[in-house]
Amino acid sequence: MRMIMKLFFLLAFVLMAWLVYHTGTIEAQETATTAWYLAIAELLTILSLTYMGYTLLTGYLFAPQRMTTGDYKSSSKALIRAAKAAAACFGADAVFTAIGCLLSQEQLLRTDALHMAYFLAGAVLSLLIFQMERSIPYRVEEAAERPSDDEGTEILYR
């Protein structure tokens with residue numbers, strides 16, 4: 001089940017990256033310019049997807065089943081943060097696309113509706129990754145071996 005979930009996360013990430021790429025190619029083919037606020041939101045979406053891809057490929061997909069605290073923070077916690085950021089950015093893209101349609105005083109074009117649908121699909125996929133990863137129960141165990149006094153000093157907070 002764990003491998004299926006990892007594969008799903010990877011496929012969802014690839015689909016989200018395709019959605020952003022395809023939206024960008026559609027915008028490039030149009031003669032209209034992109035509003036500055038939408039361009040900034042799309043840039044933030046690309047950055048959040050880059051962070052998610054980095055987290056998936058360097059930490060999450062190859063994390064061992066028995067993780068240390070550092071492994072957990074660099075894989076599961078980082079994926080949760082990346083998915084939350086991507087969902088917020090995709091949502092902002094959809095909202096700014098709708099605002100751009102309202103401000104342009106033109107009727108809603110088919111491509112604008114397609115952009116909003118792509119951005120909403122990206123937000124749903126990101127929220128799905130966020131919710132699925134957050135719902136995984138992790139069990140915390142004490143380390144089997146404690147370092148001896150010769151290996152270093154243990155600092156305890158009081």
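What FRET efficiency comes out for Ile26 versus Gln131 if R0 is 35 angstrom and r is the Cβ-Cβ distance? Round to the nearest 0.05. Kindly include the intermediate steps, with their values, before the conclusion.
Numbers: r = 29 Å, r/R0 = 0.83.
Approximately 0.75, to the nearest 0.05.
Each part reduced to its alpha carbon centroid, the stretch 70-131 and the stretch 1-20 end up 16 Å apart.
Can you give the FRET efficiency to the nearest 0.05 for Ala121 and Glu142, using r as the Cβ-Cβ distance and R₀ = 41 Å? Calculated value: 0.45.
Looking only at Cα atoms, what is the convex hull volume of the stretch 1-142 per residue, in Å³? Walk me through the intermediate numbers first.
Values: hull volume 14.0 nm³, N = 142.
Cα-based convex hull of the stretch 1-142, divided per residue, equals 98 Å³.
Full extension of the chain between Leu15 and Val95 yields a length gain of 26.8 nm, computed as 0.36 nm times the residue separation minus the alpha carbon distance. Among the chymotrypsin sites (Phe, Trp or Tyr not before Pro) within the stretch 15-123, those in coil by DSSP and having at most 12 neighbouring Cβ atoms inside 10 Å are Phe62. Label positions at Ile4 and Ile46, each projected 7 Å from the Cα along the C-beta direction, are separated by 3.7 nm.
What does the net charge come to around Pro137 if you take all other residues with beta carbon closer than 15 Å to its beta carbon, with K and R at +1 and D and E at -1? Here the count lands on +3. Under the criterion of Cα pairs below 8 Å and six or more residues apart, the relative contact order for the stretch 1-120 equals 31 percent.
We did not get these values from a lab; they are worked out from the coordinates using the rules stated. Just so it is clear, the model here is predicted, and its values are computed rather than measured. When we count neighbours, we look across all protein chains shown, and the Cβ atoms used for this are built from the backbone with ideal geometry, even at glycine.
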